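Beneath this line is the structure, given in structure tokens, with notes to follow.
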Amino acid sequence: MQTYTEVGSAPIKARETVRHRVVIIGGGTAGITVAAQLVRKGIHDIALIEPSDKHYYQPLWTLVGAGVAKAEQSVREEKRFIPKGVRWVQEEAVEIDPEQKLVCTRNGTRVAYDFLVVAPGVVSDWDKIAGAADTLGQNGVSTNYGYDLAPKTWEFIQQTQEGVALFTMPNTAEPGYTIKCGGAPQKIAYMAADYFRMRGRPVKVIYATAGGLLFGVPEFCKVLEGVCERYGIEVLTKHELIAVDPNRKVATFALKDKPGETREIEFD
Ligand SMILES: Cc1cc2nc3c(=O)[nH]c(=O)nc-3n(C[C@H](O)[C@H](O)[C@H](O)COP(=O)(O)OP(=O)(O)OC[C@H]3O[C@@H](n4cnc5c(N)ncnc54)[C@H](O)[C@@H]3O)c2cc1C
């Protein structure tokens, strides 16, 4: 029984051990790009371990949240992007044995390598924000960091006739934190502000970031501060979102420059 889709080489069977010079975990933008670059350089003995048959172009989700694109436009068939000759192991990698140079999949297949590229992407940990996991996609609370949720952002922006539209940027400065895209929270704030302005809606846009600056590169920061000023966006720095209360419509922030202190902001 064949359990793997293969693109450019002989199919492999469940629980078989296969060997490739290069093994890549994750067929997202990073994994596919590495595979394509290696193939271009003449390295063809590659296996790509990726369970999903769909590839998501995540940067489009910002535009989905702003109503400029549809979520479906961000999806393609994974097999379209796997370079010819690369073996696709359509399974989830669950274990790496660096001593034996082996990757094990959930299905029990062992993929041996000379070189391993680990590119499984970033998984959002919504439990870091109390109340977020239960309310995302409802009660006016959404995120663009998800295929299903970005359309909700657009829904909520359209529904907001007045009041406060609050956009937040997580903490990326401290060890252990990472983010799918640092620019995405700002971009949706600008596009929402533009939407409200074009329709003459009295909506106050607040952009709250856990960082100390609007943007890390001074030249860009200056320009972006000008954009915020033009749109009347209130920028709050050192505000780390730690809780969302959908019933009270209140977001709670830890104030990074005042240890132990928090601040509540109401949103619509
Ligand atoms: C809203 C938004 C806006 C963005 N805007 C921009 C932008 O303007 N510019 C920009 O440069 N970047 C932007 N990005 C970031 C960009 O999308 C990511 O940097 C990029 O997708 C990361 O690629 P990746 O391959 O590391 O991860 P992903 O694209 O997330 O792919 C990871 C892959 O690994 C697979 N995988 C996970 N676990 C396993 C496992 N155990 N075994 C095998 N496979 C596994 C997954 O199925 C997935 O296919 C944005 C992201 C978002 C969400």
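The values are calculated or read from the model by the stated rules, or taken from the named source; none is laboratory data. Nothing here was measured: the structure is a model prediction, and the numbers come from that model. Cβ coordinates were reconstructed from backbone atoms using ideal geometry, including for glycine residues, and neighbour counts include every protein chain displayed.
Things to note:
- Output for region 137-183, where each listed residue is of a type outside the set (S, T, N, Q), more than 14 Å from the ligand (Cβ to nearest atom) and part of a loop (DSSP other than H, G, I, E, B): Gly137, Gly140, Glu162, Ala173, Glu174, Pro175, Gly176, Tyr177
- Restricting attention to region 105-151, the residues being among the hydroxyl-bearing types (Ser, Thr, Tyr) and within 24 Å of Val22 (Cα to Cα) number 3.
- In region 249-268, of all residues being of a type in the set (Gly, Ala, Ser) and surrounded by 15 or more Cβ atoms within 10 Å (Cβ to Cβ), the one that is nearest to Ser142 (Cα to Cα) corresponds to Ala251.
- Across region 93-103, a minimum of one residue is classified as at pLDDT 95 or above, near the ligand (Cβ under 9 Å from one of its atoms) and loosely packed, with under 14 Cβ neighbours inside 10 Å.
- Residue tally, condition out of contact with any Lys or Arg (no Cβ under 7 Å at 6 or more places or on another chain) and either of a type in the set (Gly, Ala, Ser) or surrounded by fewer than 17 Cβ atoms within 10 Å (Cβ to Cβ) (or both), over region 104-115: 3
- Close contacts from region 103-131, counting a first residue that is closer than 30 Å to Ala243 by Cβ and a second that is more than 9 Å from the ligand (Cβ to nearest atom) and in a loop (DSSP other than H, G, I, E, B), with Cβ to Cβ under 6 Å and a gap of 6+ residues or different chains, come to Val122/Thr178.
- Qualifying residue in region 133-153 (condition: in the same structural domain as Ala254 (by TED's automatic domain parsing), free of Cβ contacts under 8 Å to residues at least 24 places away in the same chain and in contact with a Phe, Trp or Tyr (Cβ under 6 Å, 6 or more places away or on another chain)): yes
- In region 25-80, the qualifying residues are those that are loosely packed, with under 15 Cβ neighbours inside 10 Å, part of a helix (DSSP H, G or I) and of a type in the set (S, T, N, Q), and the one that is nearest to the ligand (Cβ to nearest atom) is Thr33.
- Of residues in region 165-196 being hydrophobic (A, V, I, L, M, F, W, C), under 24 Å from Ile129 (Cα atoms) and free of Cβ contacts under 8 Å to residues at least 60 places away in the same chain, the one surrounded by the fewest Cβ atoms within 10 Å (Cβ to Cβ): Ala173
- Across region 197-248, the qualifying residues are those that are part of a loop (DSSP other than H, G, I, E, B) and aliphatic (A, V, I, L, M), and the one among them that is surrounded by the fewest Cβ atoms within 10 Å (Cβ to Cβ) is Val217.
- Residue pairs meeting the criteria (Cβ under 8 Å; at least 6 apart or on separate chains; first within 12 Å of Val118 (Cα to Cα) and in contact (Cβ under 8 Å) with a residue 60 or more places away in the chain, in region 19-36; second more than 11 Å from the ligand (Cβ to nearest atom) and part of a loop (DSSP other than H, G, I, E, B)): Val22/Ile43; Val22/Asp45; Gly27/Ile82
- Residue in region 152-167 that is more than 13 Å from Ala66 (Cβ to Cβ), of a type outside the set (S, T, N, Q) and under 16 Å from the mean Cα position of the chain (by Cα) present: no
- Residue count for region 81-91, restricted to those that are exposed (fewer than 15 other Cβ atoms within 10 Å of the Cβ) and either within 9 Å of the ligand (Cβ to nearest atom) or on the phi > 0 side of the Ramachandran plot (or both): 1
- Of residues in region 204-223 being farther than 21 Å from Thr252 by Cβ and touching a Gly at 6+ places or on another chain (Cβ under 9 Å), the one modelled with the highest pLDDT: Phe215
- Taken together, the residues in region 119-128 that are part of a loop (DSSP other than H, G, I, E, B) and touching a Ser or Thr at 6+ places or on another chain (Cβ under 9 Å) amount to 4.
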